[in-house]
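The values are calculated or read from the model by the stated rules, or taken from the named source; none is laboratory data. Since this is a predicted model, take the numbers as computed values, not measurements. Cβ placement follows ideal geometry from the backbone for every residue including glycine, while neighbour counts extend to all protein chains displayed. These accessible areas exclude ligands, DNA and RNA; they are computed on the full protein's heavy atoms, side chains included. Shrake-Rupley method; radii C 1.70, N 1.55, O 1.52, S 1.80 Å.
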Amino acid sequence: MARRHDPERRGRIVEAAIRVVGAKGIAGLTHRSVAAEADVPLGSTTYHFATLDELLVAALRQANEGFAKVLVSRGALEDTRADLAAELAGLLGEWLAGDRTGVELEYELYLAALRRPALRPVAAEWCEDLAERLARRTDPLTARALVALVDGICLQVLLTGASYDEEYAREVLARVVR
């Protein structure tokens, strides 16, 4: 039997993995569950991703694009005259106001790096990318502190279920920028 050429299969498998983690958590992620969700043969998932960690790395890399898309869509952090704290607070508000499931999924994959060392470099990429963008507007140490604060604010909102308070975020971010 001839093999069917399917150039999008790998991407569909990654998207299916993201949906599985969104629905069942990381504990529910198996090659079999992803194959069923992607409607591909089990062998396809293991062909493209020999281990679940490889699949999680690809899923985290794709999930990390969520906040980056918000940054790019707004042309954020480019205008050196803009209030950096207000800009960041607005970005967080936009990101958290969007699909909360997507944000929760990004953080679930991000925090999975605590127990899965293969995910750590990808989790670090998000922090490094944001710090690099922020360092164009401030010094590198302040940029890293802002990334840590952004992470903390997001985690508090996600874990407590509280509404995002943009004014609070702007004020605490401004204190770090000063």
Report summary line: Expected max-MSF residue from Leu55, Leu114, Leu92 in the GNM of the chain (alpha carbon, under 10 Å) is Leu114
Query raised in the report: For the Cα atoms of the chain, what angle does the longest principal axis make with the long axis of helix 65-74, in degrees from 0 to 90, nearest 10?
Result: 50
Query raised in the report: What are the ³J(HN,Hα) values, in whole Hz, obtained from phi via the Karplus relation 6.51 cos²θ - 1.76 cosθ + 1.60 with θ = phi - 60°, for each residue of the stretch 115-130 in sequence order, with x given for Gly and Pro?
Result: 9, 10, x, 4, 7, 4, x, 6, 4, 5, 4, 4, 5, 5, 5, 5
Query raised in the report: Hey, what angle do you get for helix 100-111 against the long axis of the chain, alpha-carbon based, 0 to 90 degrees rounded to 10?
Result: 80
Query raised in the report: Over the stretch 98-178, what relative contact order in percent results from Cα pairs under 8 Å that are six or more residues apart?
Result: 22
Report summary line: Going residue by residue through the stretch 139-153, the Karplus relation 6.51 cos²θ - 1.76 cosθ + 1.60 with θ = phi - 60° gives ³J(HN,Hα) values, rounded to whole Hz and with x marking Gly or Pro, of 7, x, 5, 5, 4, 5, 5, 5, 4, 4, 5, 4, 4, x, 4
Report summary line: With Cα coordinates, the longest principal axis of the chain makes an angle with the long axis of helix 52-63, in degrees rounded to 10, of 40
Query raised in the report: Once fully extended, how much extra length lies between Cys127 and Ala97, figured as 0.36 nm per residue of separation less the alpha-carbon to alpha-carbon distance?
Result: 8.7 nm
Query - Solvent-accessible area, 1.4 Å probe, carbon plus sulfur percent, for the chain - result: 53
**Report entry** Highest-first arrangement of 33-46, 129-142, where packing means the average Cβ count within 10 Å
**Finding:** 33-46, 129-142
